[in-house]
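Okay, so here's the structure we're looking at.
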Amino acid sequence: MADSQLLKKDLFGEIRQFTAGDEPRIVRDSSAANKWIRWLARQLLRREARVLAALGDTDGVPHLLEIESDRLTRSYLPGEPMHRARPSDPDYFIAAAKLLRKLHQLGLVHNDLAKEPNLLVRDDGSPAFIDFQIAWFAPQRGRLFRILAYEDLRHLLKHKRSYCPQYLTRRELSILDNPSLLSRTFMSTAKPVYLFVTRRVLGWAERDGAEERGDES
């Protein structure tokens, strides 16, 4: 892909944008991953492929186009990441909550909506979610699934609190004030280790959103 544009490069490989015909596409390439963790990069690649396959043609998420041993190709979703678009229209968050419910009904939790770059504001103002690398497909939707789905919603509401807090409902405020036990445990034990590994060891510098605002609850 000589004419591709590099969007991101880290220890897990590269993400590039290219054009096939008249259609822009995104490819995640794990062959460029660090040799010591290439096996993990491939596992994450297959995990994302399973999730995107389960999403099918759902509007507001990428569509799986092709999966190879080291590459995943998906559709391109035009739009601006949340931290650039700064959505202040409550209708955006109403539509985003509806899209999130759709994902949960299909048996999927995103697990990474705390990061503002993973939420897009499309050209028509509608929401989209990207980066399903650590998403989880669990069609049985057991207890752990329900906890993680609750945390998906809390992360979305934290963004709403940042950009249009005056539109939060009493129920939404209650959800924000009541993180799950799993979340509280993670924040007090695993979060410092996670930040050390991702920021110091792996060199990730992605905008997290809530964390950068000092809002980690």
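We did not get these values from a lab; they are worked out from the coordinates using the rules stated. Given the structure is predicted, the values throughout are model-derived calculations rather than measurements. Positions of Cβ are generated from backbone atoms using ideal geometry, with glycine treated the same way; all protein chains shown enter the neighbour counts.
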Taking 0.36 nm per residue of sequence separation and subtracting the Cα-Cα distance, how much length would be gained by fully extending the chain between T58 and I147, in nm to one decimal?
29.7 nm
Ranked highest first by average number of other Cβ atoms within 10 Å, how do 95-107, 152-164 line up?
152-164, 95-107
Please compute the length gained on full extension between E23 and R86, using 0.36 nm multiplied by the number of residues separating them and subtracting their Cα-Cα distance.
20.0 nm
DSSP loop chymotrypsin sites (Phe, Trp or Tyr not before Pro) in region 22-98 with at most 13 other Cβ atoms within 10 Å of their Cβ, which ones?
W36
Which entries of K8/K35; K9/K160; K102/K160; K9/K98; K102/K158 show an alpha-carbon separation above 28 angstrom in the structure shown?
K9/K160; K9/K98
Please work out the FRET efficiency for the pair Q140 and S69, using the Cβ-Cβ distance as r and a Förster radius of 25 Å; give the result to the nearest 0.05.
0.30
Quote the FRET efficiency, to the nearest 0.05, computed for K35 versus S180 with a Förster distance R0 of 45 Å and r equal to the Cβ-Cβ distance.
0.75
How would you classify region 5-75 from its alpha-carbon gyration tensor, with a ≥ b ≥ c the square roots of the eigenvalues: rounded for a/c under 1.5, else prolate if a/b is greater than b/c, otherwise oblate?
oblate
Most packed first (mean Cβ within 10 Å per residue), the peptides 67-74, 143-150, 175-182 order as 67-74, 143-150, 175-182
Tabulate in residue order the Karplus-calculated ³J(HN,Hα) for region 150-159, using 6.51 cos²θ - 1.76 cosθ + 1.60 with θ = phi - 60°, rounded to whole Hz; enter x for Gly and Pro.
4, 5, 3, 5, 4, 5, 5, 5, 5, 5
Rounded to the nearest 0.05, what FRET efficiency do R170 and L106 give with R0 = 25 Å and r taken as the Cβ-Cβ distance? Could you check?
0.30
